[in-house]
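**Student:** Got a structure for you, questions after.
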Amino acid sequence: MLIPRGYGEEELVSNRASLLLYGGTEEERRSWAQEAAYHFEHEGAMVEVRQAADLASALQRPKGVVFIPDVSKLSREAQGTLLRCLQTQEERPKVVVAILGSADAALERGVLRDDLHYRLHQAQVNLAQPGLRETLKERWARLAELRAVKEAKAREVAERERQAAMTRLPGTVTRMTPQQRKVQGAKASSRKASRR
């Protein structure tokens, strides 16, 4: 049995290292992978691979995050493709390899390749580790708030740009607030009165 060493959980969620993620529920493992993808969002959306047929194209990405929800559902051949990517592909995505239960149990059942496990032995996260679930829930709540603020700002900027574009287009009818209509009407009335 290998004793996991190497990066800590907080480092693994934000650095480029590929890893083996286990413990917790499938939703918790997906949330962890989504948090990792947030750190690389400028590289594209996270890609989730559930079938061996989708693996090769996902691994061809030079960046971003690829999430495999349950590697034990991939054939040994597909796991070999993943291993070759991790060993030889210089520019590759961060790969979050998740598994139901523990890695040791998967090895015993023969659903996880020894060489793939060995390749990832220094980069493993056990979501069932005492105290980690509470820490993650707090972190994910803060992350959700940050995303909400970011999305609101993006909508605000898009609306300002749309408004600016509308005022620049010739022949475009712009919408006015009731207050703006009132002011516009008063100006028009004063112009008519001055012409008399």
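The values are calculated or read from the model by the stated rules, or taken from the named source; none is laboratory data. Because the structure is predicted, anything quoted here is derived from the model rather than measured. Note that we place each Cβ from the backbone using ideal geometry, even for glycine, and neighbour counts take in every protein chain shown. Surface areas here come from the heavy atoms of the whole protein model, side chains and all, with no ligands, DNA or RNA. Shrake-Rupley method; radii C 1.70, N 1.55, O 1.52, S 1.80 Å.
**Student:** Among the candidates A98, A103, single out the residue that is at pLDDT below 95 and not polar (S, T, N, Q).
**Tutor:** A103
**Student:** Can you confirm whether the range 134-142 contains a residue that is closer than 18 Å to R29 by Cβ, at pLDDT 85 or above, open to solvent by 50 Å² or more (accessible area, probe 1.4 Å) and part of a loop (DSSP other than H, G, I, E, B)?
**Tutor:** no
**Student:** Give the residue, chosen from G23, G44, that is modelled with pLDDT under 95, under 24 Å from E134 (Cα atoms) and not hydrophobic (A, V, I, L, M, F, W, C). Break it down stepwise before answering.
**Tutor:** Details: G44 fails: under 24 Å from E134 (Cα atoms).
Of the residues listed, the single one that is modelled with pLDDT under 95, under 24 Å from E134 (Cα atoms) and not hydrophobic (A, V, I, L, M, F, W, C) is G23.
**Student:** Can you confirm whether the range 106-128 contains a residue that is at pLDDT below 90, open to solvent by less than 60 Å² (accessible area, probe 1.4 Å), assigned to a helix (DSSP H, G or I) and touching a Leu at 6+ places or on another chain (Cβ under 8 Å)?
**Tutor:** The answer is no, given that none of the residues of the range 106-128 is at pLDDT below 90, open to solvent by less than 60 Å² (accessible area, probe 1.4 Å), assigned to a helix (DSSP H, G or I) and touching a Leu at 6+ places or on another chain (Cβ under 8 Å).
**Student:** Identify, from the list L100, L59, L107, the residue that is among the aliphatic types (A, V, I, L, M) and without any contact (Cβ under 8 Å) to a residue 24 or more places away in the chain. Can you show your working first?
**Tutor:** Values: L100 fails: without any contact (Cβ under 8 Å) to a residue 24 or more places away in the chain; L59 fails: without any contact (Cβ under 8 Å) to a residue 24 or more places away in the chain.
From the options L100, L59, L107, the qualifying one is L107.
**Student:** Could you look through the range 89-105, keep only residues that are charged (D, E, K, R) and in a loop (DSSP other than H, G, I, E, B), and pick out the one that is least open to solvent (accessible area, probe 1.4 Å)?
**Tutor:** We begin by selecting, within the range 89-105, every residue charged (D, E, K, R); these are 90-92, 94, 104.
Still in the list and also in a loop (DSSP other than H, G, I, E, B): 90-92.
Details: E90: 179, E91: 125, R92: 64 Å².
Here the residue is R92.
**Student:** If a residue has to be open to solvent by 20 Å² or more (accessible area, probe 1.4 Å) and at negative phi to count, how many in the range 7-39 make the cut? Talk me through it step by step, then tell me what you get.
**Tutor:** Pass one, the range 7-39, residues open to solvent by 20 Å² or more (accessible area, probe 1.4 Å): 7-11, 14-17, 22, 24-28, 30-31, 34, 38-39.
The next check asks that each one be at negative phi; those that pass are 7-11, 14-17, 22, 25-28, 30-31, 34, 38-39.
Of the residues in the range 7-39, 19 are open to solvent by 20 Å² or more (accessible area, probe 1.4 Å) and at negative phi.
**Student:** Go through the range 50-95 residue by residue and tally those that are touching a Phe, Trp or Tyr at 6+ places or on another chain (Cβ under 7 Å) and within 20 Å of H117 (Cβ to Cβ).
**Tutor:** The total comes to 1.
**Student:** Looking at A36, is it in a strand (DSSP E or B) and either of a type outside the set (G, A, S) or in contact (Cβ under 8 Å) with a residue 60 or more places away in the chain (or both)?
**Tutor:** Working: in a strand (DSSP E or B): no; either of a type outside the set (G, A, S) or in contact (Cβ under 8 Å) with a residue 60 or more places away in the chain (or both): yes.
Here the answer is no, as A36 does not meet what is asked.
**Student:** Is it true that some residue in the range 41-63 is open to solvent by 40 Å² or more (accessible area, probe 1.4 Å), under 14 Å from L21 (Cβ atoms) and out of contact with any Ser or Thr (no Cβ under 9 Å at 6 or more places or on another chain)?
**Tutor:** Yes.
**Student:** Restricting the search to the range 64-88, which residues are part of a helix (DSSP H, G or I) and open to solvent by 50 Å² or more (accessible area, probe 1.4 Å)? Step through it out loud before you land on a result.
**Tutor:** Just the residues of the range 64-88 that are part of a helix (DSSP H, G or I), to begin with: 71-73, 76-88.
Residues satisfying the conditions are K73, R76, E77, R84, Q87, T88.
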